[in-house]
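Accompanying notes for the structure given below.
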Amino acid sequence: MALTREEIDFFLDQGYLIQSGLVDPAWLAEMQTETDGLHERMAANTPPEVGVSWETYEDEGHRPRIKQLMHAEKVCLSLDRFLRSDRVLDIVADLLGPDLAFYHCKLLMKSAEDGTITPWHQDYGYWHRTYNEPKYLNCMVYLDDSTVENGCMQVVPGSHKLGLLTHEERRQAFGRFLPGYFQPREDAVPLEVKAGTALFFGPLIIHGSDANRSPHHRRACTIAYVATGNGDPMPILRGRPTWT
Ligand SMILES: O=C(O)CCC(=O)C(=O)O
């Protein structure tokens, strides 16, 4: 087991778990280098294998900024290696079980001065189908220090126990959100973490993040894993192919 009993119990009770220093400095430097200048490179030429959602603004004068880049593992090989590594899979197995598949990997760029709000939501609000269960797990790995000023993740501890709530919908990136959009919540906790930290959280915890009004980027990558046999067949990373 990679985690202690206390860490697993914390995750089961609170719905999230922070692992500081999971990415060592050399590996972190590779992730940072591979994502440096990504806004400009993707604006000039977006490869067909990735999906970019650009930031949109109500006022003018912003540079093209990536909000979310799907299939980040195709453009950042250090992230591809990380998502398959025992370092992360051992933890995922402790929290989700031994039979694991890859669901997706996305960069969340939250650019200095230009990164916008991610409204309150549950990921299962996006992923729910009649034929699946919430047997998913996110590993959000931080490429930069994340603070209240640069729009760190905020979670509502224990909210995964509420089950799936009704989301509202709008045509935009992160277009499914809970009533209130991103109204301040007294039950939310800001998670300030250092670069190289990984935040594990389940698909039902309520989370969101503020705009980045600081001069510091808040790059992070969320890797989602799914228990095999749950929903659509996905590439197997560990264990048995239990899809029927
Ligand atoms: O970038 C953020 O702060 C939010 C990320 C998020 O909501 C997610 O990965 O599901």
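The numbers here are math on the coordinates, done by the rules we state, and not lab data. Bear in mind the structure is a predicted one, so any value in this text is a computation, not a measurement. Cβ atoms come from the backbone with ideal geometry, glycine included; neighbour counts cover every protein chain shown.
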Requested in this report: State the answer as a single residue: which of L96, P119, H160 lies farthest towards the positive end of the charge dipole of segment 44-199, with beta carbon charges of +1 for Lys and Arg and -1 for Asp and Glu, about the Cα centre.
Outcome: L96
**Report entry** Magnitude of the charge dipole, the chain, Cβ model with Lys/Arg +1 and Asp/Glu -1, debye to 20
**Finding:** 560 debye
Query raised in the report: Along each of its three principal axes, how wide is the spread of alpha-carbon positions in segment 108-153, in whole angstrom units, largest first?
Result: 40, 19, 15
Query raised in the report: If you take the alpha carbon radius of gyration of the chain and divide it by 2.2 N^0.38 Å, what ratio comes out, to two decimals?
Result: 0.96
Query raised in the report: Taking segment 72-163, which trypsin sites (Lys or Arg not before Pro) meet the DSSP loop condition and have no more than 13 other C-beta atoms within 10 Å?
Result: R129
Report summary line: Reduced to Cα centres, the span from segment 162-228 to segment 99-131 in Å works out to 7 Å
Report summary line: Restricting to Cα pairs under 8 Å and 6 or more apart, the percent relative contact order of the chain works out to 31 percent
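I need the chymotrypsin sites (Phe, Trp or Tyr not before Pro) found in segment 14-64, filtered to DSSP loop residues with at most 16 other beta carbons within 10 Å of theirs. Before the final figure, lay out each step's value.
Values: sites: Y16, W27, W54, Y57; in loops: Y57.
Passing sites in segment 14-64 are Y57.
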Report summary line: Fewest-first ordering of E58, E49 by Cβ atoms within 10 Å yields E58, E49
Query raised in the report: Which of the lysines could a cross-linker span from K74 if the Cα-Cα distance has to be under 18 Å and same-chain partners fewer than 8 positions apart are dropped?
Result: K106
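Please identify the trypsin sites (Lys or Arg not before Pro) of segment 188-226 that satisfy two criteria: DSSP loop assignment and at most 16 other Cβ atoms within 10 Å. Which are they? Working shown, then result.
On the way: sites: K194, R213, R218, R219; in loops: K194, R213, R218, R219.
Loop-located and lightly packed - K194, R213.
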**Report entry** Value of [θ]222 nm, deg cm²/dmol, for the chain, DSSP H segments ≥ 4, -39500 (n - 2.57) each, nearest 500
**Finding:** -6000 deg cm²/dmol
Report summary line: Counting every C-alpha pair in segment 31-148, the percent lying more than 23 Å apart is 40 percent
